[in-house]
Structures are given as C-alpha cells and as structure tokens.
Amino acid sequence: AAEWIDRRALARELNALPLDGVLFREITYKPYYAAKQGQVLHGVHIHVTNPQTFRPMQTQLALLHTLYRLYPEQTIFNPERLDMFFKAMGTDVVYRAILQGEDLPSLYRTANSGVASFLNIRSTYLLY
C-alpha cells in the first residue's frame, strides 16, 4: 500500500487479469505504527477464493507488473531490500524484465525459465 496508489484502478486492473483463485478488494487504511505511521495508504487486499487453484507466484508477478505499469514514476522496489528480492527470486532477471516493460505472459515465462532445470537437479537429491 502507498499514498499514491489509486486503489480502485489497481483492484480493477488486477481483477481483469486471468488469475485463478484470487480476488482483489480495494483498501484504505492508516497504520498506527511503523514507517508509514499516520499516513493514509491505499492498495488492495488479496483475498484467496480457492486455495487449490491460487498461484501465489503468478499473483505476485501480476501485482508487481501492474504496479509498475500503472505507476512507472514510483519506486515500487525498495532499493534497500532489492538484494533480498533477487535472492527470493533466485535471479535479477524478473526485476529487469519488469523494468523493461515485458508483457505479463512473457514475465511468467521468464520467471519460470529455470524451474525445469532446478527440478531435474533436485530430483537426484530426493530421498523419497
């Protein structure tokens, strides 16, 4: 959430995407503590409607992609935590793809490009 987000536009854009098992509801709140204490923030609440079909990674990528597309002038990636994002993603390729304006289906392919190779390597170490 951020003070510069148009919560209605963000919810509308995200709900228009073909994301299974999830619904986005607009929110506005004022935190009582932490970095944004006392500021009025806007965003979306992620409501999982079907845990069996919900894809958290796909949803995360869609959210980041949509935020960057709607607000390219804003800093959606915290520069102080960017290294942690790279570690969580296993690469900086996804970050660069978002900044380069890669479309969402291509972004999904980029994010999943190493999965098959990882699963193949991992299989040799599984005990069961």
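The values are calculated or read from the model by the stated rules, or taken from the named source; none is laboratory data. This is a predicted model, so every value here is computed, not measured. Glycine gets a Cβ as well: all are built from the backbone with ideal geometry, and neighbour counts include every protein chain shown. Accessible surface is based on the protein model in full, side chains and every heavy atom, while ligands, DNA and RNA are left aside. Shrake-Rupley method; radii C 1.70, N 1.55, O 1.52, S 1.80 Å.
Between Val94, Tyr29, Ala1, the Cα set farthest toward the positive side of the dipole of the chain (charges on each charged residue's Cβ, about the Cα centre) is that of Tyr29. Per the Cα gyration tensor, the stretch 41-91 maps to an equivalent ellipsoid with semi-axes of 22, 17, 10 Å, ordered largest to smallest.
Applied to the stretch 35-44, the Karplus parametrisation 6.51 cos²θ - 1.76 cosθ + 1.60 on θ = phi - 60° returns per-residue 3J(HN,Hα) values of 4, 9, 3, x, 8, 8, 10, 10, x, 10 Hz, with x for Gly and Pro. For the stretch 6-23 versus the stretch 66-95, the inter-centroid distance based on Cα atoms is 20 Å. With a Förster radius of 25 Å applied to the C-beta separation of Leu104 and Leu41, the computed FRET efficiency comes to 0.50. By accessible area, using a 1.4 Å probe on protein heavy atoms only, the stretch 23-128 has 57% of its surface on carbon and sulfur.
Annotation for Tyr128 and Asn112: the two label points, set 7 Å from Cα along the Cα-Cβ direction, are 2.7 nm apart.
If you line up the long axis of helix 56-70 against the longest principal axis of the chain, both from Cα atoms, how many degrees apart are they, to the nearest 10? On a 0 to 90 degree scale, this one is about 50. Here the scattering of the stretch 1-81 is modelled by Debye summation over its C-alpha atoms, one equal scatterer each and no solvent; at q = 0.19, 0.25 Å⁻¹ the log10 of I(q)/I(0) is -0.89, -1.25.
Using C-alpha pairs below 8 Å separated by at least 6 residues, the relative contact order for the chain is 20 percent. Solvent exposure of the chain, expressed per residue, is 68 Å² of accessible area, with all protein chains present and a 1.4 angstrom probe. Here the stretch 51-128 has an Rg and Dmax of 14.5, 49 Å, counting Cα atoms alone. Amide H contacts of Ile5 (H built 1.01 Å from N, in plane; Pro and chain starts excluded): His42 sit under 5 Å, all sequence-distant by 5 or more or on other chains. Full extension of the chain segment joining Phe85 with Ala16 gains 22.2 nm, where the gain is 0.36 nm per residue of separation less the Cα-Cα distance.
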